[in-house]
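Inspection log for the structure reproduced underneath, given as structure tokens.
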Amino acid sequence: MSRIGKQPIVIPKGTEVTIQKNVVKVKGPKGELTRIINPPIEAAVKDGHVALTRPNDVKSNKALHGLYRALIQNMVTGASTGFKTTQEVVGVGFRVGVQGQAVELTLGYSHTVIFELPKEIKATATSEKGKAPTLTLESADKELLGMVAAKIRSLRAPDVYKGKGVRYAGEQLRIKPGKAAAGSGAAAK
């Protein structure tokens, strides 16, 4: 049995899970999420828990068992408490601002980059003196949140020499030393 798949998913108070055929719907204070489950895996709500079962121990069914358990757990967590990610915009003159569902990023290009957010994501931008501006994204859908955060980071990925660009808060970068640190051995020849 899958070690992850066999664990029951606890449904917190204020969150409602309904399963009809192979469609799982989770409704909570932070939003409503829906996911379709492949037919060999079955889900059922029992005594405030969601339990997933598989018909046999075929390798693909084992993989799907753990996968769908993790996805449904993320849906329950997202609908009840939500997910949040923070990004820093590091660089001289780099700025970030939020107007409705549009994020305006000044990233050292000749133009301002405007990124339209999906309606399921809420964004806030903060700027403190002496610190890099930050962009905080919140959503009930962990998968969508991760994709949007990765897309924003890809607009200006951190530079390996100076470290400027969009990075996740707390992300550790390996900065390369550059040409000056290569030594004067080549110049002496």
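Each 10 Å bin from zero up to the one holding the largest Cα-Cα distance in region 103-144 carries the following percent of pairs: 23, 46, 28, 3. Here the Karplus relation 6.51 cos²θ - 1.76 cosθ + 1.60, evaluated at θ = phi - 60°, turns the backbone of region 120-129 into coupling constants of 6, 10, 10, 10, 9, 10, 10, 9, 10, 5 Hz, with x for every Gly and Pro. Starting from a Cα-only point model with no solvent, please compute log10 I(q)/I(0) by Debye for the chain at q = 0.09, 0.20 1/Å. Rounded to two decimals, the profile gives -0.50, -1.21. From helices alone, the chain scores -6500 deg cm²/dmol at 222 nm; the rule is -39500 (n - 2.57) for each run of n ≥ 4 DSSP H residues, then divide by the residue total. Computed from the alpha carbon positions, the gyration tensor of region 1-84 leads to an equivalent ellipsoid with semi-axes of 22, 12, 11 Å, biggest first.
How large is log10 I(q)/I(0) at q = 0.22 Å⁻¹ when the Debye formula is applied to the Cα atoms of region 47-137, each weighted equally and without solvent? Evaluating at q = 0.22 Å⁻¹ gives log10 I(q)/I(0) of -1.06.
Annotation: amide H of residue 156 within the under-5 Å range of 166, sequence separation 5 or more or interchain, hydrogens built in the peptide plane. Mind grabbing the accessible area of residue 42 for me, 1.4 Å probe, Å², rounded to tens? Estimated to the nearest 10 Å², residue 42 gives 120 Å².
Counting only residues at least eight positions apart within a chain, or on another chain, the lysines with an alpha carbon under 20 Å from that of residue 27 are 13, 46, 84, 119, 122, 142.
May I ask you to give the solvent-accessible area per residue for the chain, in square angstrom, as obtained with a 1.4 angstrom probe? Numbers along the way, then the final one.
Details: 11950 Å² over 189 residues.
That works out to 63 Å² per residue.
When the chain is treated as a Gaussian network with alpha carbon springs shorter than 10 Å, the biggest mean-square fluctuation among 60, 80, 154 belongs to 60.
Whenever you get a sec, compute what percent of the accessible area on the chain sits on carbon and sulfur atoms (1.4 Å probe). Provide the component values of the computation, followed by the final result.
Details: 6290 of 11950 Å².
About 53 percent, which is the carbon plus sulfur part of the accessible surface.
In order along region 97-104, the Karplus-derived 3J(HN,Hα) couplings, from 6.51 cos²θ - 1.76 cosθ + 1.60 at θ = phi - 60°, round to x, 10, 10, x, 9, 10, 9, 9 Hz, and Gly and Pro are given as x.
Taking the chain as the reference, fit the longest principal axis to its C-alpha atoms, fit the long axis of helix 142-155 to the helix C-alpha atoms, and give the angle between the two in degrees, 0 to 90, nearest 10. With rounding to tens, the tilt is 20 degrees. Taken one residue at a time, the phi angles of region 54-69 give Karplus couplings (6.51, -1.76, 1.60, θ = phi - 60°) of 10, x, 8, 9, 5, 3, 5, 5, 4, 5, 5, 4, x, 4, 5, 5 Hz. Gly and Pro are set to x. Averaging the Cα positions of each part gives two centres, and for region 83-118 and region 20-57 these lie 36 Å apart.
In region 46-136, a dipole from Cβ-located charges (positive for Lys and Arg, negative for Asp and Glu) runs towards its positive end, and of 114, 71, 82 it is 71 whose Cα lies farthest in that direction. Ordering 168, 109, 161, 68 by accessible surface, largest first, gives 161, 109, 168, 68; the 1.4 Å probe counts only protein heavy atoms, with every chain in place.
The values are calculated or read from the model by the stated rules, or taken from the named source; none is laboratory data. No experiment lies behind these values; they were computed from the predicted model shown. Cβ sites come from the backbone with ideal geometry, for glycine too, and all protein chains shown count toward neighbours. Only protein heavy atoms, including side chains, enter the accessible area calculation; ligands, DNA and RNA are left aside. Shrake-Rupley method; radii C 1.70, N 1.55, O 1.52, S 1.80 Å.
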